[in-house]
Structure formats: structure tokens, C-alpha cells
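Okay, structure first, notes after.
The values are calculated or read from the model by the stated rules, or taken from the named source; none is laboratory data. All values reported here derive from a predicted model rather than from experimental measurement. Cβ sites come from the backbone with ideal geometry, for glycine too, and all protein chains shown count toward neighbours. Heads up: the accessible areas ignore ligands, DNA and RNA and are worked out on the full protein's heavy atoms, side chains in. Shrake-Rupley method; radii C 1.70, N 1.55, O 1.52, S 1.80 Å.
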Amino acid sequence: MSNTAYKQTEVGLIPSDWEVKEFGEICCPSKARINPVTSSEIYKCIELEHLSQGSGILLGFANSQDLKSQKSIFEKGDVLFGKLRPYLRKYLLADFDGVCTTEIWVLKSEKETSNKFLYQLVQSDKIIEAANLSTGTKMPRAEWKTVSETKIPIPTKAEQTAIATALSDADALITGLEKLIAKKRNIKQGAMQKLLNPMDNGELIIDNEDNNCQLSINNYQLKKGWEVKKLGDYLDYIQPTEFLVTDTEYNENNQTPVLTAGKTFILGYTNEEHGIFKNLPVIIFDDFTTAIKYVDFPFKAKSSAMKMLVPKHKDVNLRFIYELMLRIKYPLGDHKRHWIGEYRHLEIILPASPDEQNIIATILSDMDVEINALETKLEKYKKVKLGMMQNLLTGRIRLV
């Protein structure tokens, strides 16, 4: 590593052999366009939905011959950056020639800038923040003038290459883990289809969209020992208004998670003994989004909109019921749905034997444990890469 001295600049302390440049000095958006209607060439076409959020993974592509609107042309090595809703962090280092929606910037690096370094740079908080100073409310778009005038420290070409290589190695670990998690989720989905299929001679599609919330069993025969019940036969619901906490009570250094309604994300932690819900396990249920979550750890509830589904009696395997609920196609609509009025009448098919329920629930639960462990590892990798970016892109840590 270099022992080069540092110098004070408008972007802070940087190595003395680095420069401060505007983003627009190291790259520019291509203006090359193509009209698929009049062109005889067929290209792979990338739309915004083909770019994953925050990972640089290409999820798929369309064929230009099937499209009507004008497209931007990109080449292998170009950096693609989604300018529509830039907070979604959609970017890609192209590894083939093709076309893309004009809602994606095709960034071409200048001669003294490594395209792989540029790809890492567009992921940095500084560029993302500049892109988010956008116009529009419902459909915000990044403005090139704002982003291009953002000042950033730029290392030598040799150090750019070293930095890009180190961060690309971190990307490879993250991408590999994301693919493994996706594979494990697919395996679990297949296991659910097999273990929770109640039919002897076919696959039952559970559809509770009609007003009566009935199952369409037709002429299929249920497996021996399986029966049709209603969710309300197994679950009661409570609304934990006595467990409300305020935003000011969140503290990441403490121990008890605080849950909210909706997707029931863990928002923070609290040390307080009072108000911690310990009658576990429970299923978190939200009327507005039909989101559910199985919870088996002590927590505090943030919102009174959050409902808890609890077992009706000690023989109910709540984990098994939760897995069944994941397969139910809930009624959709703009208005609020109520557990008492509708959801408790939804029909489910399950083994009458508690032992069989326990076996199935254990298999699926073990799969979740493995997936959750991988997701925890993934978040750790992402934090490590974020730390690497903060140090390498500012010159705090030198690689040459």
C-alpha cells in the first residue's frame, strides 16, 4: 500500500495523487438511439423491470422486435443506471451489446476512467443522493445536470482498477449468496406444493377470491385423513393496543424487537420490561395488506393496526397453520378486510392428525431456519461491502 500524503479538498481529505472531478467529467450518457419498428436488427432489450434493486443482477430481457418505442443503444462494458425512481438503485455493468429503455442512462466512461470503477461509483451514496435530487413526485427522474455536477475524488487509473477488482470480488460473494437463497426458496416452495397438497389425484389450487371464500374441490379426492376446516376453527385474534410504543423508544443497541403492521419489519429494539409481548408464538396479521408473519420471539407492537392471531387451543400447530396461510390467495380490493368478517371463514385443508401436522411444520420450519441464516449472512456481506466502498472510494484505505 502507498504511504502517499493526503490533501484537503472541497470533498474532504483525499490522497495527494488523486483529483477532484465532476461526475460529468469522467463519463457521459450516450445519445445513440434505435427505433425497433424501422430497424431490421434484433437486440436483447433491458427494461427497468429487468434490473434488480441494489444488486446489479440482470433478471431477464425482452427482444427489441417485440417493442414499439425508441430505445437507447449500449455496448458491452457500458454502465446502465435507472434514472426513473433512482432511489430503487437499479444499475448494471453490461456484458453484451443491446438496447434498453430511455429511462436508463447508458453511461460511457472517459479514456482515463475504468468502466468497472465507474460501475462501483454509481452505487455510492454520493451519486445515489445526487440522483435522488430529482424532478417529479409520482414519477421522479434523476436530472443529468445535477448528477453530472457532483464532485467526487478520482484515483489514478491503476488504483481505479485495484478498487474495482476488490469491490467486484465482494459483489461476486453477494451475488452467489443471493442465487443460493433464491434456490433454497424455490426448494421450499416445491416442498410446500408437495407436503401441503391435500389431493390424491391432482393439485388443488386454493382460490378464496369469491365472496363466499369457498374452495373449488370439484371431483378431486382428499387424501386419507385430511379434512376441510376454517381458519376460525383454529385461530383467535387479538389487537395489542396495550403494547404500543413510540418512535422515541427505538434503540438499536437494546434487545427486544419492535414490530409494526404492514410487512411487519423489525424497526428497532427496546430494553423495557413493561409491554413486551411474550405469549408466543403468534401470527402477525394486517388487514390492509394481508401480510402475515410468524413470530416466536418476545416483541413490542408499534401500531394498533397490527393484529395477532393466536391458537384457539393447545393442540393447534400454529406453524403449520401459518404455512397453509402462505398458500391462500386472499381476497383483493381497495377497502379494508376484517378478520372477524371475512378471513376467519376462509377454508383450509389439512391433516386431522396433529402428528402429521407437526412433521410437515418441522420440515418447512427447518428450511426457513436455513434460509434465514443465509439472509443474515447476506446482510453482513452487504454491510462489509458498504464499508469497503466508504474506505476505498475516499482513499482512506489504499490498494496501490
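Counting only Cα atoms, segment 15-64 measures 51, 26, 13 Å along its principal axes, largest extent leading. Taking amide H positions as modeled 1.01 Å from N, with prolines and chain starts lacking one, the residues under 5 Å from LEU346 and 5 or more places away or on another chain are LEU231, GLY232. Close amide H contacts of TYR6 (hydrogens built in the peptide plane, cut-off under 5 Å, sequence separation of 5 or more or a different chain): SER16. The residues ASP368, ASP95, sorted by heavy-atom accessible surface at 1.4 Å with ligands and nucleic acids left out, run ASP95, ASP368 from largest to smallest. In order along segment 160-168, the phi-based Karplus estimate (6.51 cos²θ - 1.76 cosθ + 1.60, θ = phi - 60°) of 3J(HN,Hα) comes to 4, 4, 5, 5, 4, 5, 5, 6, 5 Hz; Gly and Pro are listed as x.
What ranking of GLU49, GLU110 comes out by heavy-atom accessible area, probe 1.4 Å, highest first?
Most to least solvent-accessible, the answer reads GLU49, GLU110.
Couplings 3J(HN,Hα) for segment 6-23, derived from phi with the Karplus relation 6.51 cos²θ - 1.76 cosθ + 1.60 (θ = phi - 60°), are 10, 10, 8, 9, 5, 9, x, 6, 9, x, 5, 9, 8, 10, 9, 10, 7, 4 Hz, where x marks Gly and Pro.
Projected onto planes of every orientation and averaged, the convex hull of the alpha-carbon atoms in segment 115-193 covers 8.0 nm². When VAL147, VAL369 are compared by accessible surface with a 1.4 Å probe, the order from highest to lowest is VAL369, VAL147. Per residue, the accessible area of segment 1-102 comes to 53 Å², computed with a 1.4 Å probe over protein heavy atoms only. Label-to-label distance for LEU173 and GLU375 is 2.1 nm, based on points extended 7 Å past Cα in the beta-carbon direction.
Of the heavy-atom accessible surface of segment 1-133 (probe 1.4 angstrom), what whole percent is carbon and sulfur? Let's see the in-between values first.
Working: 3070 of 6680 Å².
Looking at segment 1-133 in its full context, I get 46 percent from C and S.
Per-residue 3J(HN,Hα) values for segment 76-83, derived from phi via the Karplus relation 6.51 cos²θ - 1.76 cosθ + 1.60 with θ = phi - 60°, read 4, x, 6, 9, 9, 9, x, 8 Hz in sequence order (x marks Gly and Pro). Taking amide H as placed 1.01 Å from N in the peptide plane, ILE104 has its amide H under 5 Å from the amide H of LYS83, each at least 5 places away in sequence or on another chain.
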